[in-house]
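The next block holds one structure in the form of structure tokens; read it before the comments.
Please treat every number below as a calculation from the coordinates, not as lab data. Because the structure is a prediction, the values reported are computed rather than measured.
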Amino acid sequence: MGILLSCCGGGSNSSSDYNNMNEPADPEARRKQLAEAAEARLKAQEGRGVKNPEAIKQRQIRMEELERKQQEAGGVQGGGGGLRWQVN
């Protein structure tokens, strides 16, 4: 009976080591591990169903730059968008 318990981890102090094998002792290390896992999941999900994820990233960067340039150009003109209200 003792052999069976020692194999399953029920008869010795090693059971606590077995149960906590993948858990870091430090809560900060656990947070870091969870954050890394979340980033990996997001990265994997981001590329799912896309043939060329790098091209999509480049397109997003170009669109953001265009929007930023339009906002800067709009700020120089007064932010009116080029339309004026006239009353006759």
Work out, step by step, the length gained on full extension between A73 and E54: first 0.36 nm times the residue separation, then minus their alpha carbon distance; give nm to one decimal. 4.0 nm
20 Å Cα-Cα reach of K57 towards lysines, excluding residues that sit fewer than 8 places from it in its own chain: K43, K69
